[in-house]
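Heads up: the structure comes next, in structure tokens.
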Amino acid sequence: MFEQAFKNIDDALWKESGCTTELDYTEQTSWLLFLKYLDGLEQDKADEAALEGKPYCFILDPAYRWSTWAAPKDADGKLDHNAALTGDDLVDFVDRKLFPYLHGFKQRASGPNTIEYKIGEIFGEIKNKIRSGYTLRDIIDHIDELR
């Protein structure tokens with residue numbers, strides 16, 4: 001399953017004019033995988049806190065969580081195509097809202113050893129090279145299927 005998913009992602013990136021090397025493929029796949037992982041980790045921590053009757057403070061604001069912008073689900077747990085961004089809207093959100101928001105974590109962090117600082121550092125160094133929102137949607141869909 002993983003092998004096929006990554007082959008599909010590589011095939012999509014191969015068609016993308018902004019990604020010309022294997023390093024580009026790795027970089028672009030990595031930031032997307034990281035955001036999916038972070039969302040899952042945060043949700044697990046929130047669920048655990050709820051079971052213990054404790055509040056949990058998410059790192060990311062709701063609009064910037066994977067489950068909101070990348071893979072919103074309907075009541076059946078399937079991708080909500082009405083809420084999911086695609087095309088130019090998706091690229092615009094990633095380039096003009098998501099990356100600046102994540103980069104800003106570095107300035108808002110309480111110190112260099114925090115996850116917030118590290119997120120800000122990472123997203124200050126990379127950029128979204130996927131220019132087609134349809135290609136980006138395709139890649140997000142493949143990544144979201146990974147468990």
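Taking the criterion of being among the charged types (D, E, K, R) and assigned to a helix (DSSP H, G or I), would at least one residue in segment 46-59 satisfy it? Yes - at least one qualifying residue is present in segment 46-59.
Return only the number of the condition from (1) surrounded by 13 or more Cβ atoms within 10 Å (Cβ to Cβ); (2) farther than 19 Å from LEU60 by Cβ that PRO112 does not satisfy. Only one criterion is unmet by PRO112, namely (1).
I'm trying to understand the selection: among the residues of segment 115-145, which are of a type in the set (Ser, Thr, Tyr) and either touching an Asp or Glu at 6+ places or on another chain (Cβ under 7 Å) or surrounded by 19 or more Cβ atoms within 10 Å (Cβ to Cβ) (or both)? Answer for segment 115-145, where residues must be of a type in the set (Ser, Thr, Tyr) and either touching an Asp or Glu at 6+ places or on another chain (Cβ under 7 Å) or surrounded by 19 or more Cβ atoms within 10 Å (Cβ to Cβ) (or both): SER132, THR135. Among the residues of segment 47-64, the one identified as in contact with a Phe, Trp or Tyr (Cβ under 7 Å, 6 or more places away or on another chain), surrounded by 12 or more Cβ atoms within 10 Å (Cβ to Cβ) and closer than 22 Å to ARG108 by Cα is TYR64. Here GLY120 does not qualify as under 28 Å from GLY18 (Cβ atoms), in a helix (DSSP H, G or I) and out of contact with any Gly (no Cβ under 8 Å at 6 or more places or on another chain).
Taken over segment 1-46, the criterion of being surrounded by fewer than 17 Cβ atoms within 10 Å (Cβ to Cβ), touching a helix residue (DSSP H, G or I) at 6+ places or on another chain (Cβ under 9 Å), polar (S, T, N, Q) and touching a residue at least 60 places away in the same chain (Cβ under 8 Å) is satisfied by ASN8 alone. For segment 99-117, a residue qualifies if it is hydrophobic (A, V, I, L, M, F, W, C) and either assigned to a helix (DSSP H, G or I) or touching a strand residue (DSSP E or B) at 6+ places or on another chain (Cβ under 7 Å) (or both), and the qualifying residues are PHE99, LEU102, PHE105, ILE115. When segment 136-147 is filtered for residues that are over 19 Å from LYS97 (Cβ atoms) and either in a helix (DSSP H, G or I) or among the aliphatic types (A, V, I, L, M) (or both), the ones remaining, listed by number, are ASP138, ASP141, HIS142, ILE143, ASP144, GLU145, LEU146.
Any read-out appearing in this document is the output of simple, stated calculations on the displayed coordinates, not a laboratory observation. Everything numeric in this text was worked out from a predicted model, so none of it was measured. Note that we place each Cβ from the backbone using ideal geometry, even for glycine, and neighbour counts take in every protein chain shown.
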